[in-house]
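Only one structure is covered here, and it is reproduced in the block below.
Taken together, the values in this text are just the output of simple stated rules run on the coordinates, not laboratory data. All values derive from a computational prediction rather than experimental measurement. Cβ atoms come from the backbone with ideal geometry, glycine included; neighbour counts cover every protein chain shown.
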Amino acid sequence: MSEVIVLGPADRGLLAARYAEHGNSHRRMAAALREAGAEEPLARLCALRALECRFAIDLGSLCHRFDRRDQPGTHPLERMVLSYIAQERRAPDGRAELWVLLDRVRDVRAWIEEGRLVREPE
């Protein structure tokens, strides 16, 4: 069984804004939302943060990078990794969703960790 996080447009927008506008700081964005009286987005942001902690994944960075993956300055390897770990899909109601494939995120992490081991001095 694969684990997947499914993010709708509002979630993606909230997470990408946290990354771009608040330096990916949950505390700063939460404070700004609290100050603005935006209770619903604040509650959603907190729920998304709980998902990040539960699965040890930075969804803000992922959403920001995924949204910009087709820009000319994006390295082809970054595009490939993003396409491997996340996919855009359509919900039955036609809404765009971002599916984050957690097993694949774990695979990429494992490959990175293996690379670190190879570089250690003997």
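For the chain, which longest stretch is free of loop sites, where a loop site is one of the trypsin sites (Lys or Arg not before Pro) that DSSP puts outside H, G, I, E and B and that has at most 12 other Cβ atoms within 10 Å?
Numbers: sites that count: R95, R119.
Longest gap between qualifying sites, sites excluded: 1-94.
Amide H neighbours of A86 under 5 Å, at least 5 residues apart or on other chains, H built in the peptide plane: list them.
Here the answer is L101, since their amide H atoms fall under 5 Å of that of A86.
Each residue of the stretch 20-26 in turn: what ³J(HN,Hα) in whole Hz from Karplus with 6.51, -1.76, 1.60 and θ = phi - 60°, glycine and Pro shown as x?
Values per residue, Gly and Pro as x: 6, 9, 10, x, 6, 8, 4 Hz.
Using each residue's phi in the stretch 67-80, evaluate 6.51 cos²θ - 1.76 cosθ + 1.60 at θ = phi - 60° and report the 3J(HN,Hα) Karplus result to the nearest Hz, with x for Gly and Pro.
5, 10, 5, 8, 6, x, x, 7, 5, x, 5, 4, 4, 5
Under 25 °C and 0.890 mPa s, how fast does the stretch 4-118 diffuse according to Stokes-Einstein, given a Kirkwood radius computed over C-alpha pairs? Answer in µm²/s, whole number.
Working: Rh = 15.1 Å.
Rounded to a whole number, D works out at 162 µm²/s.
Compute the angle between helix 39-55 and the longest alpha-carbon principal axis of the chain, please, reported from 0 to 90 degrees and rounded to the nearest 10.
Approximately 20 degrees, to the nearest 10.
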